[in-house]
Amino acid sequence: MENKASQNRKVTDYYPIRRSNRKTKAELKSEEHRHIDDLIKNGIEEGMQVKHIEGKGRGVFAAKGFRKGEFVVEYHGDLLELAEAKIREAEYAQDPKTGCYMYYFQYQCKTYCVDATKETGRLGRLINHSKTGNCQTKLHAIDGTPHLILVASRDIKAEEELLYDYGDRSKASISAHPWLKY
């Protein structure tokens, strides 16, 4: 009987146990979130270039490819609560030369607005509209503060114009800006 027990050895008696170095989905997601935090906090905007488009103005183009779901850019501006945003929007309406780059959204049952009207070197405000855009907006919280980011809604090739759906379908907006129909 003893002889038989000595023959029934386990593989681990001869080889060390190997543990996987793979990260869990939660670890990968946490790392990605921290990476986006760093890009936003440091104002890093990579892989994009601004070009002039005849009859349209400025547009942002991919200088490199982006994978579906990948962070593209932050829609950066002043984070306002609804009351202040409405006051600013009324001020902008007084001057037809002033554009309006305001994006309203809900975060934790409260309405906020990112006002990117002021011209800066940030590129998110220059991404043009298309109902079938290759980017989509997503909220990204850093220490409880919401940030509006654009992520690739599909794989994007280098040299492709970056576009997202502004979501405004009101009759007044469409009559003022007919390109919102497309």
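The values are calculated or read from the model by the stated rules, or taken from the named source; none is laboratory data. Worth saying up front: this structure is predicted, and the values here are computed from it rather than measured. Neighbour counts are summed over all protein chains in view; Cβ atoms, including those assigned to glycine, are modelled from backbone coordinates with ideal geometry. To get the accessible areas, we keep the full protein, side chains included, count just its heavy atoms, and leave off ligands, DNA and RNA. Shrake-Rupley method; radii C 1.70, N 1.55, O 1.52, S 1.80 Å.
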Which whole-Hz couplings ³J(HN,Hα) result when phi for each residue of the stretch 105-110 is put into the Karplus expression 6.51 cos²θ - 1.76 cosθ + 1.60, θ = phi - 60°, listed in order with x for Gly and Pro? 7, 9, 9, 6, 6, 10
With every protein chain in place, the accessible area of LEU82 for a 1.4 Å probe, in Å² rounded to the nearest 10, comes to 70
Accessible area of the chain belonging to carbon and sulfur atoms, whole % at 1.4 Å probe: 51
Is the stretch 69-181 best put as rounded, prolate or oblate by its Cα gyration tensor, with a ≥ b ≥ c the root eigenvalues, rounded for a/c under 1.5, and otherwise prolate when a/b is larger than b/c, oblate when not? oblate
Accessible area expressed per residue, the stretch 1-66, with surrounding protein chains retained (probe 1.4 Å, Å²): 89
Would you please give the residues with an amide H less than 5 Å from that of VAL73, counting only those at least 5 places away or on a separate chain, with H modeled from the backbone geometry? LEU150
Work out, step by step, the length gained on full extension between LYS51 and ASP143: first 0.36 nm times the residue separation, then minus their alpha carbon distance; give nm to one decimal. 29.7 nm
Between HIS33 and GLU160, what length comes free when the chain is fully extended (0.36 nm per residue of separation minus the Cα-Cα distance, one decimal in nm)? 43.2 nm
Listed by chain and number, the residues whose amide H is under 5 Å from that of TYR166, excluding neighbours fewer than 5 places away on the same chain and using placed H, are SER130
Considering amide H positions built from the backbone, and no H for Pro or chain starts, which residues 5 or more places from ILE142, or on another chain, come under 5 Å of its amide H? HIS147
State in Å² the accessible area per residue of the stretch 69-181; use a 1.4 Å probe, count heavy atoms of protein chains only, and round to the nearest integer. 56
When the label point is put 7 Å from the Cα of THR120 along its Cα-to-beta-carbon vector, which residues of the stretch 29-71 have a backbone N closer than 11 Å? 41-44
Per-residue HN-Hα couplings for the stretch 115-124, Karplus 6.51 cos²θ - 1.76 cosθ + 1.60 at θ = phi - 60°, whole Hz, x for Gly and Pro? 9, 10, 5, 5, 5, 9, x, 7, 8, x
Given the whole protein assembly as supplied and a 1.4 Å probe, what does the accessible area of VAL151 come to in Å², nearest 10? 10
Contour minus Cα-Cα distance for ARG19 and GLN108 (0.36 nm per residue): 28.0 nm
So which trypsin sites (Lys or Arg not before Pro) in the stretch 1-104 pass both tests, a DSSP loop state and at most 15 other Cβ atoms within 10 Å of the Cβ? ARG9, LYS10, ARG18, ARG19, ARG22, LYS23, LYS56, LYS64, ARG67, LYS68, LYS97
I want the antiparallel fraction of DSSP beta bridges within the stretch 69-181, as a percent rounded to 5. 90
